[in-house]
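The values are calculated or read from the model by the stated rules, or taken from the named source; none is laboratory data. These numbers were taken from a predicted model, which means no experiment stands behind them. Using ideal geometry, Cβ is built from the backbone for each residue, glycine included, and neighbour counts are taken over all protein chains shown. To get the accessible areas, we keep the full protein, side chains included, count just its heavy atoms, and leave off ligands, DNA and RNA. Shrake-Rupley method; radii C 1.70, N 1.55, O 1.52, S 1.80 Å.
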Amino acid sequence: MNANVNQKLNARDRDSIVQALMAGVVPRVGLAHVQVGRNVEVTALVRDIERVVAGGSGVRFVIGEYGAGKTFFLNLVRLVALEKKCVTIHADLAPERRLHASNGHARALYTEAVRNMATRTKPEGGALQSVIEKFIGECMREAEESGVSPEAVIQRRLVTLEDHVGGYDFVTVLRAYWRGSENGNDDLKSAALRWLRGEYSTKTEARAALGVRNIIEDANVYDSIKLMSAFVRLAGYSGLLVVFDEMVNIYKLQHAQSREKNHEQILRIVNDVLQGSAQHLAFVFGGTPEFLTDSRRGLYSYEALHSRLAENSFAREGIIDVNGPIVRLQSLSQEELLLLLRKVRAVYDSGKSATVISDDGIMAFMTHCFRKVGEAYFRTPRNTIKAFAQLLSVLEQNPTVDWRSLLDGVDVAKDNGRVAETTVGEGDDVDGDLTTIRL
């Protein structure tokens, strides 16, 4: 098994994975080298992506405890979407990033997501400009083949976007980018990219730079996402996958009206998807169980969402159903965690003639973790993996040290992810700070 991984893992990816695991965060690359289990859940999300490619839509709520692997799972889904020639955008909700707000926080979520736009050739983000350039390149080729001007082809292709809410200004901005590209006007191109990323805070500034009447703001974030979905299709991609993690920030809003407005925005997305109003577009939300089921502040506290998201009553006591919008991440078994630790070891062993730690050492490490935190060490394995990665790092740098002499000093804490809430006033739309990256 180690040899197979070592053949495919280059030094750069190996170091990136090691650094991420030691910090307790999800690696940005090489997820296949440390992925185990969750076959049923992954298969269900792959079907969703295939539906998007075929012209459909999808919405999923990936639910799991802190440290159970939600962020890892969501990143894996994004990589699958990229392989299917989709474009992905993603962001973590935070005190200053929200699905609905009136103080720029919804626009901030959109801006962060579009900055993280990724394609198969730019999986690490920042792909907006390359998507636009791909669209322009396709138009140039068509213009050359048909003997018409590139501007005429661009206008003809973009005219379908004008039927969308906010489409006229969206098209105006894309045409401005084309003019800037043709005339070597980098300032105009930069202004167009700023507008498309939602970085203008006033209409006056955008009008002066681009001649548009409107900007992407809190009230039209979802409409702008749908416009972006339509545009990436025109650029030759299969569809758009939107991933929003840390949805617990909505649950933790203390102001009831703010939570309700965010719930209404989620309901609008769910209705559009379930009724077939969205095409080539999918949303995946990551959250904790209380974000979903809490009767006072969770999604189930909003009756319209409760009725649409209610889980199959027959799926209980280990029986799963992944056909509905809710995907509950099943805990890793001890056998799966053993395989995961072996995969982490294989990453460390990459390019080396000797292994860092034996199988006996891995088993002893698991026994140590069980004594420290009980079953939580494999049900919410983030801290377990972090501690194991740090142990391997020490052994790698000190080859004469025996793992037995270090094991008792390994501290593994139970991961509950809890933080204190912040009391907010009625006019505020903020919340207590949260760790934004989960393994």
Note to self: If you fit an axis through the alpha-carbon atoms of helix 39-53 and take the longest principal axis of the Cα set of the chain, what angle between them do you get, 0 to 90°, nearest 10?
What the structure shows: 10
Checklist line | Long-range HN-HN contacts of Arg328 with modeled amide H, under 5 Å | finding: Ile63
Note to self: Could you report the range 160-258's accessible area per residue, 1.4 Å probe, as an integer in Å²?
What the structure shows: 38
Check: Per 5 Å bin, what percent of the C-alpha pairs of the range 160-302 does each bin hold, from zero upward?
Finding: 2, 9, 16, 17, 16, 14, 11, 8, 4, 2, 1, 0
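Taking the inverse of the average 1/r across all pairs of different Cα atoms in the chain, what Kirkwood radius in Å do you get? Display every interim value, and only then the final one.
Values: mean 1/r = 0.0425 Å⁻¹.
Taking every pair of different Cα atoms in the chain, averaging 1/r and inverting gives 23.5 Å.
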Checklist line | Å² per residue, accessible surface of the range 1-127 at 1.4 Å | finding: 39
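Count the net charge of all other residues whose Cβ sits under 12 Å from the Cβ of Ala54, scoring Lys and Arg as +1 and Asp and Glu as -1.
Details: positive: Arg47, Arg51, Lys84; negative: Asp48, Glu50.
Around Ala54, the charge tally is +1.
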Notebook entry, point to check: Counting Lys and Arg as +1 and Asp and Glu as -1, what is the net charge of the other residues whose Cβ lies under 11 Å from the Cβ of Val153?
Noted result: -2
Note to self: Out of the total accessible area of the chain (probe 1.4 Å, heavy atoms of protein only), what percent is carbon and sulfur?
What the structure shows: 46
Next item on the list: Using a cut-off of 13 Å between beta-carbons, work out the net charge of the residues near Tyr168 (Lys and Arg +1, Asp and Glu -1, Tyr168 not included).
Entry: -2
Note to self: Roughly how far apart, in whole Å, are the Cα centres of the range 88-118 and the range 274-296?
What the structure shows: 16
Check: Which entries of Lys226/Lys386; Lys85/Lys261; Lys189/Lys261; Lys189/Lys226 show an alpha-carbon separation above 31 angstrom in the structure shown?
Finding: Lys226/Lys386; Lys85/Lys261; Lys189/Lys261
